[in-house]
1. Quickly run through the stretch 145-158 and pick out the residues that are within 16 Å of the chain's Cα centre (by Cα) and open to solvent by 10 Å² or more (accessible area, probe 1.4 Å).
2. Considering every residue within the stretch 92-102, establish whether at least one is at pLDDT 95 or above, within 21 Å of residue 219 (Cβ to Cβ) and either assigned to a helix (DSSP H, G or I) or touching an Asp or Glu at 6+ places or on another chain (Cβ under 8 Å) (or both).
3. Taking residue 183 and the conditions (1) over 22 Å from the mean Cα position of the chain (by Cα); (2) open to solvent by 50 Å² or more (accessible area, probe 1.4 Å); (3) free of Cβ contacts under 8 Å to residues at least 24 places away in the same chain, which numbered condition does it fall short on, given that it satisfies the others?
4. Residues that are crowded, with 21+ Cβ neighbours inside 10 Å and not small (Gly, Ala, Ser): find the helices (runs of 4 or more DSSP H) completely inside the stretch 6-81 holding 3 or more of those.
5. With the requirement that a residue be under 30 Å from residue 97 (Cβ atoms) and not hydroxyl-bearing (Ser, Thr, Tyr), what does the stretch 181-202 give you?
6. If I ask for residues that are open to solvent by 50 Å² or more (accessible area, probe 1.4 Å) and either part of a helix (DSSP H, G or I) or not acidic (Asp, Glu) (or both), which ones from the stretch 118-142 would you list?
7. Give the stretch 174-206 a look and list any residue that's at pLDDT 90 or above, charged (D, E, K, R) and either within 30 Å of residue 5 (Cα to Cα) or in contact with a Pro (Cβ under 7 Å, 6 or more places away or on another chain) (or both), or say none.
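The values are calculated or read from the model by the stated rules, or taken from the named source; none is laboratory data. Note that the coordinates shown come from a computational prediction; the quantities given were computed from them, not determined experimentally. Don't worry about glycine lacking a Cβ; one is built from the backbone with ideal geometry, like all the others, and counts go over all protein chains shown. The accessibility values were calculated without ligands, DNA or RNA, using every heavy atom of the protein model including side chains. Shrake-Rupley method; radii C 1.70, N 1.55, O 1.52, S 1.80 Å.
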Amino acid sequence: MHTLIESGLDRWQECHWHLHQMETNYHEPEPFRFALNSFIRCAKEVPIVLRHDVQKDAAARAIVKRHLVELETTGLFQVLKKRRDFIVHQGMLTLQSRGQIGTVEGRKVKISFPFPVYPDESSDDAYARYKEECKKDSFLRGLGPDSDSAPALWRTWRIADLPESDLLDVAFKAWTLLGHALSSTITALGGESLDLSMPCRHAPAEVQIRVYSQHEFFLDVDGIDLTEEARRFDEERARRGK
């Protein structure tokens, strides 16, 4: 850690922690929103403390200024610049949630189609609502899992300012951009560049999808115990083989 920009690096590393809280809580509305809010608060502070860290070094100050000007034209930071009074409180950041439901074989998608997943409900609650609709709608049930597939739900989080971008991806890109600004400053001051690869990040598809029990779906929606059905099938096959 370069002592000249220690405060900025500390905030940036804290952003990293909040990113993983967003991943962990992606399917739970309140914990996800709290983690996102904490990330935004922390990300907003990085440029502020970075400017303060280098205010006595003209060369470093020029490097930081150039990178932060570029930063303000991209993604989340463009939103924050446009909304300078953007202070994240409960209820001030309105999240949008999009969803799909479908089936998978292993991790391979077999079928998927749009299904509303509301911003104030967990993915588990949306899935429970889907099962109830399957009980009443034979066509919808027919699109659901069969003997070779399991039910799955996908969701993405967005905000109106960035309607086509998943918020977790937006946050990761913001963290990377901040890291570039910090790393360039460090190397200009004679230090080693930062590692921005983040190998600990999970693939977006792994975060956005939640796969549910095939056995539980058949039992709850169809009243069929797949374990019992398999046992009867084996007994019948054995009887016929005698």
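1. Passing the criteria: 154, 156, 158.
2. Keep residues of the stretch 92-102 that are at pLDDT 95 or above, which gives 97-102.
With within 21 Å of residue 219 (Cβ to Cβ) added as a condition, the list becomes 101-102.
Within this subset, residues satisfying the condition of being either assigned to a helix (DSSP H, G or I) or touching an Asp or Glu at 6+ places or on another chain (Cβ under 8 Å) (or both) are none.
For the stretch 92-102, residues at pLDDT 95 or above, within 21 Å of residue 219 (Cβ to Cβ) and either assigned to a helix (DSSP H, G or I) or touching an Asp or Glu at 6+ places or on another chain (Cβ under 8 Å) (or both): absent.
3. Every condition holds for residue 183 apart from (2).
4. Values: elements: 6-24, 29-53, 58-71.
Answer list for the stretch 6-81: 6-24, 29-53.
5. Selection gives 196, 198, 199, 200, 201, 202.
6. Once the filter is applied, which keeps residues that are open to solvent by 50 Å² or more (accessible area, probe 1.4 Å) and either part of a helix (DSSP H, G or I) or not acidic (Asp, Glu) (or both), the stretch 118-142 yields 118, 119, 124, 125, 129, 132, 133, 135, 136, 138, 139, 142.
7. 195, 201
Conditions tested, residue by residue: (1) among the basic types (Lys, Arg); (2) not in a helix (DSSP H, G or I).
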| site | (1), (2) |
| --- | --- |
| 177 | no, no |
| 201 | yes, yes |
| 221 | no, no |
| 224 | no, yes |
| 228 | no, no |
